[in-house]
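Below is one structure, written out as structure tokens, with a few remarks after it.
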Amino acid sequence: RMSHNCEDTQAQVYLYLDHELTLWRKMKIRWHLWRCPPCEEGFLFERRLKQRVHDGCVEQPPRELYDRLRTFLRQADGTDAP
């Protein structure tokens, strides 16, 4: 059975990961994670998931955008050089 501390920790894991908690609350969560391997395992999973989503959300602008921007800048500068 999950304890109140486990429920509280799991409910605040994303606030913790997003650095949206007070120092005191972070310390309480860290202490709980240190003492509770199942919660620590869940926390580590969520942290890795958040990092993978972050790393995978990098979009490259389309090549056409670069070409249009270059053309615009050349026209604004008054030069036709590439």
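Heavy-atom accessible surface of the chain, averaged per residue, reaches 89 Å², computed with a 1.4 Å probe. Rounded to the nearest 10 degrees, the inclination of helix 63-77 to the longest alpha-carbon principal axis of the chain is 50 degrees. Share of carbon and sulfur in the accessible area of the chain stands at 56%, probe radius 1.4 Å. I'd like the orientation of helix 23-35 relative to the chain: the angle between its Cα long axis and the longest Cα principal axis, in ° from 0 to 90, rounded to 10. Value to nearest ten degrees: 60.
Counting only alpha carbon atoms, the long axis of helix 37-56 and the longest principal axis of the chain meet at about 0°. Listed as lacking a disulfide-compatible partner in the chain: CYS6, CYS57, by the criterion of no other cysteine Cβ under 4.7 Å. For ASP55, the solvent-accessible surface computed with a 1.4 Å probe is close to 90 Å², ligands and nucleic acids excluded. Just check the chain against the gyration tensor rule for me: Cα atoms, a ≥ b ≥ c as the square roots of the eigenvalues, rounded for a/c under 1.5, and otherwise prolate or oblate depending on whether a/b exceeds b/c. Prolate shape, in that a/c is at least 1.5 and a/b is the bigger ratio. For region 7-13, putting each phi into the Karplus relation 6.51 cos²θ - 1.76 cosθ + 1.60 with θ = phi - 60° gives couplings of 4, 5, 5, 5, 5, 10, 4 Hz, in residue order, rounded to whole numbers and with x for Gly and Pro.
The values are calculated or read from the model by the stated rules, or taken from the named source; none is laboratory data. Worth saying up front: this structure is predicted, and the values here are computed from it rather than measured. Heads up, the Cβs are rebuilt from the backbone with ideal geometry, glycines too, and the neighbour counts pull from every protein chain shown. SASA here: full protein model, heavy atoms, side chains in, ligands and nucleic acids out. Shrake-Rupley method; radii C 1.70, N 1.55, O 1.52, S 1.80 Å.
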